[in-house]
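A quick write-up on the structure given underneath.
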Amino acid sequence: MPKDFRAVMRHLKRNNPTLLGGNHFYICPSCGNRCANASKCNLTGCQSSNSPVRTPASVVVFPLVPQISSILERETLIIPTYELNQCDDLPNSQCAQEVARKEKQINPARNNVTLTLNTDGVLLKRISRSLWITCACINELPRKTRYDINNMLICSMSTGDDKPKKDEYSTILQDIVNELKFLEQVGFDVLLPSTVKTHNRTYTHFYAFTITAVCDKPAQAIMMNIKDPTGFFSCGWCCIPG
């Protein structure tokens, strides 16, 4: 178990030192403003303009294009087999099928992959700090390798005295959404392995679409900005009081 935030970063960068150059900032605990340092808020008049009322959350948001390109360059994708009223895996789901159908109408030769988001946290007892990570996996990878640590997309990482507040995570989520929109709207190039004897490799343009998220109930409340699971009307699907 890593002892602190720096140890986590060293572990992540050990095998991919050039892929995880993220945007590092702090979130003011008083007004929610992005700050360049942890000692004070940049906004004059803020309660934490001289010194923070509590330790601010330290956040790193990572670019997704170099990560997903690196994964697709070394891994083999499965080919979805869409069948009516049958779904044995996420690439064959109705949502993935609808994305594929709409994209094929734009360009029949389009190459698409889909993503599943996850966010969760852990308490580092040695330093009494909370580590909160948002990551994603590529659904078109074989199940055997889909959830390997080297095949996970690290979207963001934050540390604080406790799990991030909902308004703090909303600030983090804005940057993650921008990264995901880029994958969906602009796309990215992948140097796929050669399948012929000449070993000539060419770039292939891909698009990535986030179709689902998997979280426990507390993490779902933070990600969706809904009531905590112990409160009334806290379900993300229905309006039953609970």
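To the nearest 0.05, what FRET efficiency results for E184 and N23 with a Förster distance of 22 Å applied to their C-beta separation? Could the numbers behind the result be given before it?
Values: r = 20 Å, r/R0 = 0.90.
Efficiency for this residue pair is about 0.65.
Each residue of the range 40-49 was assigned a 3J(HN,Hα) from its phi angle through the Karplus curve 6.51 cos²θ - 1.76 cosθ + 1.60 (θ = phi - 60°); the sequence is 6, 7, 6, 7, 6, x, 6, 4, 9, 5 Hz, with glycine and proline shown as x.
In this Cβ point-charge picture (+1 for Lys and Arg, -1 for Asp and Glu), the range 64-204 has a dipole of about 260 debye about its Cα centre.
In a shell of Cβ-Cβ distance under 14 Å around I71, excluding I71 itself, what net charge do Lys and Arg (+1) and Asp and Glu (-1) give?
Details: positive: R74, R146; negative: E73, E75, E140, D148, D189.
Its environment carries a net charge of -3.
Report, in order of residue number, the helices in the chain meeting two criteria: a C-alpha extent of 20 Å or more along the helix axis, and a mean Kyte-Doolittle hydropathy of at least -1.0; treat each whole DSSP H run as one helix. Sorted by number, the helices that extend far enough and score high enough are 166-185. The order of T116, T145, going from fewest to most other C-beta atoms within 10 Å of their C-beta, is T145, T116. Amide H to amide H, with H built 1.01 Å from N, C155 comes under 5 Å of T134, C135, A136, counting only residues 5 or more places away or on other chains. Cross-link partners of K104 among aspartates and glutamates, defined as those whose alpha carbon lies under 20 angstrom from its own and excluding same-chain residues fewer than eight positions apart: E83, E140, E184, D189.
Put in order of Cβ neighbour count within 10 Å, fewest first, the listed residues S170, S70 become S170, S70.
Near A221, within a Cβ-to-Cβ distance under 9 Å, what is the net charge of the other residues, with Lys and Arg +1 and Asp and Glu -1? Surrounding charge for A221 is +2.
Here the label points at R126 and D88, each 7 Å from Cα along the C-beta direction, are separated by 4.4 nm in the simple model.
A simple spin-label model places the labels of D161 and A213 2.6 nm from each other, with each point 7 Å out along Cα-to-Cβ.
Mean separation of Cα pairs under 8 Å and 6+ residues apart, divided by the residue count of the chain: what relative contact order is that in percent? Before the final figure, lay out each step's value.
Working: 411 pairs, mean separation 43.3, N = 242.
About 18 percent, as a whole number.
List, in the order given, every pair from K181/K227; K166/K217; K125/K227; K102/K217; K102/K144 whose Cα-Cα distance in the structure shown is over 22 Å. Exceeds cut-off: K181/K227; K125/K227; K102/K217; K102/K144.
For F209, the residues whose modelled amide H falls within less than 5 Å of its own, excluding neighbours fewer than 5 places apart on the same chain, are V113, T114, L115.
Put a dot 7 Å past the Cα of Y147, heading toward its Cβ, do the same for R201, and the two dots end up 3.0 nm apart. Given the choices (i) 88, 44, 24; (ii) 68, 40, 38; (iii) 63, 48, 35, Cα extents along the principal axes in Å derived from the coordinates of this structure is entry (iii).
Values quoted throughout were computed directly from the atomic coordinates according to the rules given, and no laboratory measurement underlies them. Because the structure is predicted, anything quoted here is derived from the model rather than measured. Positions of Cβ are backbone-derived with ideal geometry, glycine not excepted, and every protein chain shown enters the neighbour counts.
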